[in-house]
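The structure appears below as structure tokens.
Bear in mind that the values in this text are calculations on the coordinates, not laboratory data. What you see is a predicted model, and the numbers here were worked out from it, not measured in a lab. Using ideal geometry, Cβ is built from the backbone for each residue, glycine included, and neighbour counts are taken over all protein chains shown.
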Amino acid sequence: MSYTTFNQKTFDTLKQPMFFGETVNVARYDIQKHKIFENLIEKQLSFFWRPEEVDLANDRKDFNDLPDHEQHIFLSNLKYQTLLDSVQGRSPNVAFLPIVSLPELETWIETWSFSETIHSRSYTHIMRNVVPNPAEVFDDITRNDFITRRAVSVTKYYDELIEKCSFYTQLGEGTHTINGKVVDINLRDLKRTLYLTMVSVNVLEAIRFYVSFACSFAFAERAKMEGNAKIIKLIARDEALHLTGTQHILQIMAAGKDDPEMGEIAASCKEEVREIFLDAAEQEKEWAGYLFKDGSMIGLNQQILAQYVEYITDQRIVAIGLPPIFNAKSNPLPWINSWLNSDNVQVAPQEAEISSYLVGALDSAVDTDDFGDFDL
Amino acid sequence: MNQSSSNHTSSQEDFLLESSASSHEELQHEDFSLEADPFDDSLDNPLDAEPVQESLLLNTEDCEQPEASAQIDLEGMDKPLHAVSICHDSHPVQTVSFQHANTLLESLEAQDVPVHYQCREGYCGSCRTQLLEGEVHYTEEPMAWINDDEILPCCCIPKTAIRIKLS
């Protein structure tokens, strides 16, 4: 199979599996195999927002007033989120689009990835408003050991899938010698890699992000960095939808109706899936240790954050049909729910934008002529 | 009446209806005063203004109390009342009722039953709950993944007496 941007063959779209069937030709949505992806697309589009809509004027002052160890917590989280969204802004497209076979799923992947690029842009918006030199913060992402170490665990499944798929699309199944290296490419192994990649993406969106979310909201609980919290709320709303997307993909795969071989693979991978969740939870706890290395913040410390990681890990693994790992049944940060609910924390509407006002919350069309009568 | 967002035409009509007895001069005067004064400082002080859209604020009242419920009651019809029994590990621990709330989640919260939640719109799946007995009606289509025996309390109401399992 080689990738073609418009498959000339005539085939029944409804008979294709989600991945590794015929490549998509007509982007049509009149007939759909899995209607959920169309629903997700529509929901995601209705969530559209722009970082510039959120005013961060007070955050700079708040940030300057924070003690050093809290500035460290704030900036480290932003760096980590920047890394995660840099990955998510491109990887679903690069990894999944060449092998997807359903038009509605193809469009969902593109819509999903696009919304992550909004998140990336919002981090620059926050940095510009909060620190004098954003470049210092962004440059540190590739230099800081604690961040780069995490980049490996986030990207290794994606990279493996992308490499194997590129061999598969060029050379097909079989044993190939590439640059002196012998690689064995078979479809079942590829599907297995795809399933595990999807699990690691689910972990990324369902667990890894939430550690940073907790810290951002903990600042906002004390009425600090509230503009930032507003942006994180919009990001959390998107991420909740994305994780629903990956949960659906994983459940459809595991059910085996879409692709029976995928169902067998899912059944045989349970132990590895558990490992991926457990590893992620341990890594996030380690990260909490790095965040609070110079001191805790009011309302949040390493221990509580670690408990929250265990709680959220259990929630997410149960959602994809596996038994819980930690048996953490109660949420150690109950106040976080009202922050994660994007419409709940509502001050008077004239004082702050409402996230359900989709567009036009701010008139950003300021012409240079408007400053004509300004004297300096 | 909603002062801040009303446009000229509608407030003028209201005025005409309410003050048919006023003199012609008064009407003209009122016409002029309806032009917003761009230099009027009082408009700049948000503390003087009433909240523009109170309905956008989340209802913090007990939504199982009819007088506090925002729902319009149908005359001559009682809201269906259903028992909701809650189990932990298949042991019944508590029985509450559902009658007035907009969703099962709101009803449970109003009766101090803690349920995990996040989006409250059916797309995140945080409130996923096992339905052991009974039937529910979805007020909007749930988007999050739910198994056959599970419900999303944030977007459904009971159709019969129900038994649910909360973790």
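Pairs over the 32 Å Cα-Cα cut-off, from the set A:K79/A:K329; A:K33/A:K164; A:K233/A:K285: not a single one. Couplings 3J(HN,Hα) for the stretch A:61-78, derived from phi with the Karplus relation 6.51 cos²θ - 1.76 cosθ + 1.60 (θ = phi - 60°), are 5, 4, 4, 5, 7, 5, x, 3, 5, 7, 4, 4, 4, 4, 5, 4, 5, 5 Hz, where x marks Gly and Pro. Compared with the dominant Cα axis of chain A, that is its longest principal axis, helix A:270-291 is turned about 20°. Applying a threshold of 29 Å to the alpha-carbon distances of A:K61/A:K293; A:K43/B:K79; A:K191/A:K293 flags A:K43/B:K79; A:K191/A:K293 as lying beyond it. For chain A, the relative contact order comes to 20 percent (Cα pairs under 8 Å, sequence separation of at least 6). Our helix-only sum for chain A, with -39,500 (n - 2.57) per DSSP H run of n ≥ 4 divided by its residues, gives a mean residue ellipticity at 222 nm of -20000 deg cm²/dmol. Under the simplified labelling scheme, the B:C87-A:W335 pair shows an inter-label distance of 3.7 nm, with each label point 7 Å from Cα along Cα→Cβ.
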